[in-house]
1. With every protein chain left in place and a probe of 1.4 Å, what is the accessible surface of residue 168, to the nearest 10 Å²?
2. At 1.4 Å probe size, put 65, 89, 225 in order of accessible surface, largest to smallest.
3. According to a simple spin-label model (label point 7 Å from Cα along Cα-to-Cβ), what is the distance in nm between residue 178 and residue 45?
4. Over the heavy atoms of residue 195, what accessible area does a 1.4 Å probe trace out, to the nearest 10 Å²?
5. What are the ³J(HN,Hα) values, in whole Hz, obtained from phi via the Karplus relation 6.51 cos²θ - 1.76 cosθ + 1.60 with θ = phi - 60°, for each residue of segment 236-251 in sequence order, with x given for Gly and Pro?
6. What residues qualify as long-range amide H neighbours of residue 126, i.e. H under 5 Å apart, gap of 5 or more or another chain, H built at 1.01 Å from N?
7. Please list, in order, the residues from segment 17-57 whose amide nitrogen is less than 19 Å from a point placed 7 Å along the Cα→Cβ vector of residue 144.
8. Could you run the Karplus curve 6.51 cos²θ - 1.76 cosθ + 1.60 with θ = phi - 60° over segment 30-35 and give me ³J(HN,Hα) per residue in whole Hz, x for Gly and Pro?
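The values are calculated or read from the model by the stated rules, or taken from the named source; none is laboratory data. Keep in mind that what you see is a predicted model, and the values were worked out from it rather than measured. Cβ placement follows ideal geometry from the backbone for every residue including glycine, while neighbour counts extend to all protein chains displayed. Just the protein is used for accessible areas: all its heavy atoms, side chains included, with ligands, DNA and RNA removed. Shrake-Rupley method; radii C 1.70, N 1.55, O 1.52, S 1.80 Å.
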Amino acid sequence: SFAFPVLAMPCAAAAATDPKQPIGKWTVETHANECLLVRSYGSPRNPLFLVISQAPMDAGVAVRILYNREWAVFDHGTATVRFDGGEPIEASFGARLLWNLSKEVKTRTMRMVGLNKESESEKFLSNAAAVAFDVPGELKVVFALPDHPAALKSLDDCARNLGVRGGYPLEEQNRIVTPPRRDKGLRGLFSPDDYPIAAMKAGRMGKADVRLRVGEDGSISECSILRSSGSADLDTATCKVLNERAKFEPARDVDGVPAARPAVLR
């Protein structure tokens, strides 16, 4: 989860057409299963963050936009992303609420809009000078990206070091040319019958990000929660279904040999 000091400050998300300039430096945070690249584009009265996350040996990055919101609406849909004013790219998004536990502002929450588009995520690893998001019903915002390449290098270094701590030496990481892949992500694996009865009765909803260990044959040997859905029942059900049904194209090394490696599904 995210915890920033400015969460105690009141604000309202606003649409933007001109690129927003950052008010601070990029900051790299190391978490248990991933690294985060965080930068503030708001103010104490109007907080706004751009967060780019990368897991060790992941094929891409995930992007989160954080800002305040006063009501609990968990929405999912289609967003549009543009790099440097180019053609619009369709991306899926899922919105979550990060509850603000501040004693000063009890009715405000920090909203997280997460855009996950692995096939386009390499553009976040490029020299783009600006990126624009249009999330219907949420916000329109353009982020200027000064110092972007150097910051992304720091993020990649963090993820690689985290991989070393997880038992994958740099030499081993460098040998992987193609990471494990499932083109459809989580789609097609779940049915309504998989929804936990207790979660259904309680009205609990959410989507977990998971980290898997994919074997040389493409099967799943391990499933852990990278980011919780907010419900232990849903997290457990997610890993159960993946362990039973998911099949991947395994990672391949520089010699084209299948290799057991982790994979991230968001």
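1. Accessible area of residue 168: about 20 Å².
2. Working: 65 0, 89 30, 225 55 Å².
Heavy-atom accessible area, descending, gives 225, 89, 65.
3. Placing both labels 7 Å along Cα→Cβ, they lie 5.5 nm apart.
4. The value for residue 195 is about 80 Å².
5. Residue by residue, segment 236-251 yields 5, 5, 4, 5, 4, 5, 5, 4, 8, 10, 6, 9, 10, 7, x, 5 Hz.
6. Long-range HN contacts for residue 126: none found.
7. Residues 17-27, 38-44, 46-51 qualify, since their backbone N sits under 19 Å from the label point.
8. 9, 10, 4, 10, 7, 10
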